[in-house]
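Working notes, beginning with the structure itself.
The values are calculated or read from the model by the stated rules, or taken from the named source; none is laboratory data. The shown structure was predicted, so the numbers you read here are calculated from the model rather than taken from an experiment. We place every Cβ from the backbone using ideal geometry, glycine too, and count neighbours over all the protein chains shown.
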């Protein structure tokens, strides 16, 4: 029986652009022949050399305070919307524009399109937003690269078929009528937390975005650009069908009624809603100027406050705009914007990888990282307290600054890292570990699983709202997060009875979530390889015998999806096309995920050795790995991530665990 994570895949499949339909995975990804198992790249000395080189590369990238942070690469909508934001606020300058435009142009493919991930299918909305940004930069419609893009847009439905977010950006500049956008009145913030479709029914990332956009939509501003986009239009309007037998159809009818209300809102109610939204937004701005540490609520909150009358010199806007510079990656004459940053996540993963590779305390790098992690504990109440009001604050966030939204996944990995770094933790660290564990256990959902940020955030209504076509908008429990929590609890030296029950319920949840083919769906990483690579070690840590038939089914699935070069890979299209599950070009991170599962089962056979040989053979001279493919997930089917440190931490840990399995004395260095 599948649980909530399947919904992400189903909804994404229903929303994908027309040009992705019909894509099918090849029978087998072509790759170089598998290295012989007795090749030098697979013997213990060669593996140890690769592990040591990987460790040294990881240590070189540690920052002086103790943290690691790899670039978090996404797609060019981040850069396009950054230019559009600056244009709307009147602060766009030529230097920033051209630096971003260089990156956007270089990311364009030969057919004139842009995608949401490396070598992925063309994405209509991404292509439109990139096109508009290049028009801002001075590129002409008759330039060959622009003409190709426009032809693709027209042939795939034009502006009329883009997502709501894209059309909202167009509406800001008079390129799309506000009245043709789905309604999202600010009065939604007045709904109590028990009412259907209240803001806390949305996932935290969507909640922050929605509140800000209700303010923007209430003002309906228009600041015209010096050009139009007629070359991107088909002239064919898209009207949603109203089938009153379905919830989605009834919501379309509700949307039409709300649009009428928007023309003549009750002024007292509208004023109250806007004031409450204003306070809500201001209270959630972080110290570095961001909102939630991620791009969408950040830019829309800046727009909302600006439209509420805040001048650009106001501290909230000034620090918000300045903070965007810290998310800007400058590469020669190019600049690109990170959608988010992941120092806490990266540092926890790095500590675990180094410990697996033999760098146990008191190694100074591990000690410095662990000390920094302890200092990142969140000790204030965030939105999670709406559903868990009596839970003592704790947890860890993903980013440098995000006190309002610590996440369960980070907390679990940080606790695992701290246990590795402090075999006998001092009192202050022990107290942080205890608080963190209690917080994680208290954030379990009613079904026994864990989500990323909230508990019981499983509304089936909000995702069907006409406005919500921009990705996953709820945060149900997932196999990968639940697995990380189960592994963390299983490795704690002692648990109280309530924690023992939570661990048992988590194990049961994972069994219910297993796919019929033996794999697990990966919500936050690509995809079944990630899910399976997380769940198998967790279940073994929790005491499940490696010979359990369900774990052997997972092993069989991994072996069946190993590539001929010895590695593993999975294309992100597996979120919308099941034929892609477990299939794709081999990558270092995904190969490591598969190896972590096999090694947890005690498997040192041919497949495991071939996977290790793949990592050794593809390692660069400097101890790192190349990985242009995206293996991280933001919204299944819509938004993907290339975590630049994944290619380093997971192979480092996998090589270390392999050597320790061959010879336990190799487990320390």
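A quick yes/no check of all residues on (1) assigned by TED's automatic domain parsing to the domain that holds residue 181; (2) free of Cβ contacts under 8 Å to residues at least 60 places away in the same chain; (3) over 23 Å from residue 328 (Cα atoms):
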position: 107; (1), (2), (3): yes, yes, no
position: 110; (1), (2), (3): yes, yes, yes
position: 115; (1), (2), (3): yes, yes, no
position: 118; (1), (2), (3): yes, no, no
position: 125; (1), (2), (3): yes, no, no
position: 167; (1), (2), (3): yes, yes, yes
position: 171; (1), (2), (3): yes, yes, yes
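Scanning the range 538-562 for residues that are touching a helix residue (DSSP H, G or I) at 6+ places or on another chain (Cβ under 6 Å) and surrounded by 23 or more Cβ atoms within 10 Å (Cβ to Cβ) yields a count of 4. Across the range 154-171, the number of residues qualifying as crowded, with 20+ Cβ neighbours inside 10 Å, over 27 Å from the mean Cα position of the chain (by Cα) and part of a helix (DSSP H, G or I) comes to 1.
Restricting to the range 258-300, name every residue that is surrounded by 14 or more Cβ atoms within 10 Å (Cβ to Cβ) and under 13 Å from residue 323 (Cα atoms). Once the filter is applied, which keeps residues that are surrounded by 14 or more Cβ atoms within 10 Å (Cβ to Cβ) and under 13 Å from residue 323 (Cα atoms), the range 258-300 yields 285, 286, 288, 289, 290, 291, 292, 293, 294, 295, 298, 299. Is there a residue in the range 417-436 that is farther than 23 Å from residue 526 by Cβ, in contact with a helix residue (DSSP H, G or I) (Cβ under 7 Å, 6 or more places away or on another chain) and assigned to a loop (DSSP other than H, G, I, E, B)? Yes, the conditions are met somewhere in the range 417-436. What do you reckon, is residue 139 part of a loop (DSSP other than H, G, I, E, B) and either under 23 Å from residue 332 (Cα atoms) or not assigned by TED's automatic domain parsing to the domain that holds residue 302 (or both)? In short, yes. Given the conditions (1) outside any helix (DSSP H, G or I); (2) in contact (Cβ under 8 Å) with a residue 24 or more places away in the chain, which single one is not true for residue 354? The failed condition is (1). Filter the range 267-321 down to the residues that are within 28 Å of the chain's Cα centre (by Cα) and on the phi > 0 side of the Ramachandran plot and list them by number. Answer for the range 267-321, where residues must be within 28 Å of the chain's Cα centre (by Cα) and on the phi > 0 side of the Ramachandran plot: 289, 292, 293.
Just one of the numbered conditions (1) over 21 Å from residue 467 (Cα atoms); (2) out of contact with any helix residue (DSSP H, G or I) (no Cβ under 8 Å at 6 or more places or on another chain) is not true of residue 252: (1). Here residue 413 does not fit the description of being surrounded by 22 or more Cβ atoms within 10 Å (Cβ to Cβ), in contact with a helix residue (DSSP H, G or I) (Cβ under 6 Å, 6 or more places away or on another chain) and not in a helix (DSSP H, G or I).
Conditions tested, residue by residue: (1) buried (at least 16 other Cβ atoms within 10 Å of the Cβ); (2) in a helix (DSSP H, G or I).
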position	(1), (2)
495	no, no
498	no, yes
503	yes, yes
509	yes, yes
518	yes, no
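Can residue 93 be described as surrounded by fewer than 17 Cβ atoms within 10 Å (Cβ to Cβ), modelled with pLDDT under 95 and under 30 Å from residue 317 (Cβ atoms)? When the stated conditions are applied, residue 93 does not pass them.
Scanning the range 571-619 for residues that are part of a loop (DSSP other than H, G, I, E, B) and either touching a strand residue (DSSP E or B) at 6+ places or on another chain (Cβ under 8 Å) or not assigned by TED's automatic domain parsing to the domain that holds residue 641 (or both) gives 582, 586.
Evaluate the following for residue 338: is it without any contact (Cβ under 8 Å) to a residue 12 or more places away in the chain and either within 23 Å of residue 77 (Cα to Cα) or surrounded by fewer than 23 Cβ atoms within 10 Å (Cβ to Cβ) (or both)? The answer is no for residue 338. Filtered by the rule that a residue be farther than 14 Å from residue 528 by Cα and either in contact with a helix residue (DSSP H, G or I) (Cβ under 7 Å, 6 or more places away or on another chain) or crowded, with 24+ Cβ neighbours inside 10 Å (or both), the range 563-585 gives 563, 565, 566, 567. Every test in (1) within 26 Å of residue 70 (Cβ to Cβ); (2) out of contact with any helix residue (DSSP H, G or I) (no Cβ under 6 Å at 6 or more places or on another chain) is passed by residue 374 save one, and that test is (2).
When residues in the range 40-87 are screened for being over 30 Å from residue 105 (Cβ atoms), assigned to a loop (DSSP other than H, G, I, E, B) and either over 25 Å from the mean Cα position of the chain (by Cα) or in contact (Cβ under 8 Å) with a residue 60 or more places away in the chain (or both), 7 of them pass.
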